[in-house]
1. Hey, how much of the P(r) for region 123-210 falls beyond 16 Å, as a percent of Cα pairs?
2. Quick one: helix 104-119 against the long Cα principal axis of the chain, what's the angle to the nearest 10°, folded into 0 to 90?
3. Per 5 Å bin, what percent of the C-alpha pairs of the chain does each bin hold, from zero upward?
4. If you roll a 1.4 Å probe over the chain with all protein chains in place, what percent of the accessible area is carbon or sulfur?
5. Does region 192-267 classify as rounded, prolate or oblate by the C-alpha gyration tensor (a ≥ b ≥ c root eigenvalues; a/c under 1.5 gives rounded; else a/b over b/c gives prolate, otherwise oblate)?
6. Taking a ≥ b ≥ c as the square roots of the eigenvalues of the Cα gyration tensor of region 72-126, is the shape rounded (a/c under 1.5), prolate (a/b larger than b/c) or oblate?
7. Please tell me the relative contact order of region 156-232 in percent, rounded to the nearest whole number, where contacts are Cα pairs under 8 Å and at least six residues apart.
8. With θ taken as phi - 60° and the coefficients 6.51, -1.76 and 1.60, list the Karplus ³J(HN,Hα) couplings across region 218-230 in order, rounded to whole Hz; mark glycine and proline as x.
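The values are calculated or read from the model by the stated rules, or taken from the named source; none is laboratory data. This is a predicted model, so every value here is computed, not measured. Here the Cβ positions follow ideal geometry from the backbone for every residue, glycine too, while neighbour counts run over all protein chains shown. All accessible areas refer to the heavy atoms of the entire protein, side chains included, with ligands and DNA or RNA removed. Shrake-Rupley method; radii C 1.70, N 1.55, O 1.52, S 1.80 Å.
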Amino acid sequence: MNKVVLITGGSSGIGKSVGEFLHHKGFVVYGTSRNPERVLNSVFPLVALDVRNTESIQSAIAKIIAVTGRLDVVINNAGVGITGPLEEIPTSEIKNNFETNFFGPIEVMKAALPQMRQQKSGLIINVTSIAGYMGLPYRSVYSASKGALELITEALNMEVKSFGINITNVAPGDFATNIASGRFHAPLIKGSAYEIPYAKTLAMMDEHVDSGSNPNEMALAIYNIIQTKNPKVHYKVGAFMQKFSIVLKRLLPDKIYEKMLMNHYKL
Ligand SMILES: NC(=O)c1ccc[n+]([C@@H]2O[C@H](COP(=O)([O-])OP(=O)(O)OC[C@H]3O[C@@H](n4cnc5c(N)ncnc54)[C@H](OP(=O)(O)O)[C@@H]3O)[C@@H](O)[C@H]2O)c1
């Protein structure tokens, strides 16, 4: 029987690539979008869902289960970026980011778990970020939202293992998608104490995304995780140095690691 997969944020970037790849491999794929009617030519069906709206999550999952009778894989992919000096990011935007990147995926997991427990099987893949393994300057809120989801993943995996369910996270490095255009940028404030270093870091971040890897690499990685009998709790996908930065954080003294990051961002 073909596995039923739900991927949040299937309208662009990583979610679209993963959805297309799994569809072509024969999975029964459902994606989501806040505005499915605006997305033309999706090769798999898109259900309306906003991760900030619990009712829309429950209704989307109920609709899929009503049609398929099961839910084998959920990929919590929907997410948004946020940049800025912490002092200058409006608190409402910090909360909004956590609603999408942290509370949203939790609500999706809560809505999917009853069906998975009933089936005695299921896999939830949380798309986090390499930035979630370290606090990055001018990306504090993004790092924190993804890091928090990584810890939820670790904890929940132990809570549901005995029900035959696995929870894992996949942390991408930089991938060339629309993420930079959809991200909240705290405006550069003329005369602000952060104006010059933030402007430099922002330019560097945008360049990293534009020259990032092809999202098809994420599609292959996620396909391989789905095919793995006993998946690990953490996966990292991306350029060698981006993945290696997590290893360095474990190995190096804090002061040296911080210096290395500051040199990298020319701060
Ligand atoms: N690209 C990278 O370099 C990179 C690196 C690390 C991690 N990631 C993570 O990878 C995931 C996918 O990002 P991407 O790079 O593919 O970005 P993207 O091209 O901007 O796609 C984001 C997707 O999320 C959906 N989305 C955004 N807000 C949503 C909300 N409130 N409710 C439901 N869906 C929402 C969008 O769908 P609609 O607009 O159609 O609703 C869209 O399909 C994100 O979690 C991101 O944080 C990306």
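1. For region 123-210, the fraction of Cα-Cα distances above 16 Å is 62 percent.
2. That works out to roughly 30 degrees.
3. 1, 6, 13, 17, 19, 17, 12, 8, 5, 2, 1, 0, 0
4. So the carbon and sulfur contribution to the accessible surface is 56 percent.
5. oblate
6. Prolate, because a/c is 1.5 or more and a/b exceeds b/c.
7. Dividing the mean separation by the residue count of region 156-232 yields 41 percent.
8. Values per residue, Gly and Pro as x: 5, 4, 5, 4, 5, 4, 5, 5, 4, 7, 7, 5, 10 Hz.
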